[in-house]
Amino acid sequence: MVRSIAVCVMLVCMVSLSAPAAEVFDPPAVYLTWQRDPTTTMTVHWHTIHDLPAPDAAQTQAASEPEDQPSPTDIPPDWEVPASVVLHRPLAEAAGEWKTTAGKSHRLPYSNRMVHTVELTGLTPATDYRFRFNENSAEFRFRTMPEDVAQPIRFAVGGDTMHRPEDFEAVNRQAARMSPEFVVFGGDLAYADAKPDQLGRWYTWFEVYKRSMVTPDGRLIPMLVTIGNHEVRGGTGGTPEKAPFFFNLFAMPGLPGYASLDFGDYMSILLLDTDHVNPIDGPQTGWLARTLLQCQRRGVPHLFPVYHVPAYPGHREFAGHVNARVRDYWVPLFEEFGIRVAFEHHDHTYKRTHPLRGGRIDARGIVYLGDGAWGVGVRKPAPDRWYLQNSAHARHLILVTIHGRHQHYLVIDETGAAIDEFPSTPSSPRLHEPTAPALAE
Ligand SMILES: [Fe+2]
């Protein structure tokens with residue numbers, strides 16, 4: 001009897017030892033952004049892979065052509081759409097209840113992936129949270145933004161992020177090491193050019209992001225993105241339908257392709273579109289004027305425009321068509337509403353302009369920082385530009401620190417070396433009232 005009990009116990013142990021552990025749910029892409037006030041909200045995106053019918057090859061091939069084609073985002077009518085749920089709780093409450101928030105999902109065009117989106121709201125400012133997707137999922141962390149800028153706030157900026165994944169990852173790791181609150185990418189992210197046969201570049205981009213944009217204390221770093229020419233079929237002059245991955249991967253900026261994000265009353269970031277799917281002039285410029293006026297009335301001390309094609313290029317020709325349009329339509333508004341620094345990209349070099357105003361060097365002017373060399377092959381800065389104060393042939397990130405009304409900029413290359421640093425003084429008072437035509441739609 002004793003022997004048979006012992007055999008049974010052994011068998012049970014063997015069975016339990018050999019039973020496969022439940023597989024941990026760990027999505028191939030998990031990333032954070034914001035759609036509303038970052039002091040109290042967080043938008044969580046993640047991807048799941050499914051046995052969805054492969055996109056029609058002929059349609060995929062056709063979609064690689066310049067002409068518009070319908071995006072195969074359909075899912076079979078009898079297919080059970082997976083749940084989009086995030087569980088979160090404050091990190092400090094080790095035994096606290098997980099709060100459950102439901103969201104939605106949609107199919108990423110031409111892929112077997114679903115993109116999930118859940119917006120968490122009612123969060124406490126400057127607080128670390130844990131989050132997961134179910135009881136058996138990997139766990140991640142994020143932090144909400146502070147209510148004010150009484151303490152220094154640091155974030156990273158750059159663009160043109162991934163020719164080679166190893167370069168993207170190297171600069172990501174330098175950025176993450178500095179524990180920024182978030183990162184802003186100014187266009188040309190995965191270089192998939194909106195082509196279905198290049199979707200793997202997006203998958204790689206998110207894999208690299210997930211493993212490398214984590215701070216030393218374990219926070220996943222939220223991102224804000226703008227659109228660049230490599231997000232759009234044809235590069236410029238397109239419509240949102242020509243950027244199907246960009247608009248299906250990120251809730252922000254969303255349609256029409258430009259947006260502003262207000263951080264309490266202390267900072268607003270303007271995510272702009274330099275002629276990729278929205279013309280620079282027309283409705284976008286009218287919106288920009290109205291948004292800058294609202295920020296001014298609210299007394300927002302830190303206003304940052306971020307866009308892809310530079311007004312003051314560090315490598316390409318100054319007379320470039322899109323460059324000139326940024327100078328013609330947006331720069332006068334930036335000057336009118338006291339912008340101190342604008343972030344530009346696309347030229348694959350490091351540049352810092354002199355402070356510029358009215359097309360001249362002026363101590364009261366705007367510094368244009370760029371030019372999009374986060375993770376791409378770099379180009380030599382143009383040697384003969386009157387407006388460049390500093391430049392470098394280096395992959396880099398820009399680390400911005402705001403504190404009270406002060407701003408500080410530190411530029412770090414892929415090895416972690418500082419290649420530029422400068423302060424910025426508060427802007428001069430506005431010289432005249434906003435002009436009525438600029439406020440028109
Ligand atoms: Fe570009």
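Quick rundown of the values:
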| item | result |
| --- | --- |
| Matching residues, the range 83-105, being within 28 Å of Pro196 (Cα to Cα) and at pLDDT below 95 | Ala83 |
| Residues of the range 146-170 satisfying the condition of being in a helix (DSSP H, G or I) and more than 16 Å from the ligand (Cβ to nearest atom) | Pro165, Glu166, Glu169, Ala170 |
| Residue within the range 342-362 that is touching a residue at least 60 places away in the same chain (Cβ under 8 Å), assigned to a helix (DSSP H, G or I) and in contact with an Asp or Glu (Cβ under 7 Å, 6 or more places away or on another chain) present | no |
| Selected residue (criterion: surrounded by the most Cβ atoms within 10 Å (Cβ to Cβ)) from residues of the range 383-415 that are within 23 Å of Asp167 (Cα to Cα) and among the small types (Gly, Ala, Ser) | Ser391 |
| When residues of the range 173-193 are limited to those that are in a helix (DSSP H, G or I) and free of Cβ contacts under 8 Å to residues at least 60 places away in the same chain, the one farthest from Tyr31 (Cα to Cα) | Arg173 |
| The listed residue being away from the ligand (no atom under 16 Å from the Cβ), closer than 30 Å to Pro305 by Cα and touching a strand residue (DSSP E or B) at 6+ places or on another chain (Cβ under 6 Å), out of Arg143, Arg173 | Arg143 |
| Any hit, the range 338-345, residues being within 13 Å of the ligand (Cβ to nearest atom), surrounded by 20 or more Cβ atoms within 10 Å (Cβ to Cβ) and farther than 14 Å from Leu369 by Cβ | no |
| Complete set of residues in the range 246-278 that are acidic (Asp, Glu) and at positive phi | Asp275 |
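The values are calculated or read from the model by the stated rules, or taken from the named source; none is laboratory data. These numbers come from a predicted model, not from an experiment. Virtual Cβ from ideal backbone geometry, glycine too; neighbours counted across all protein chains shown.
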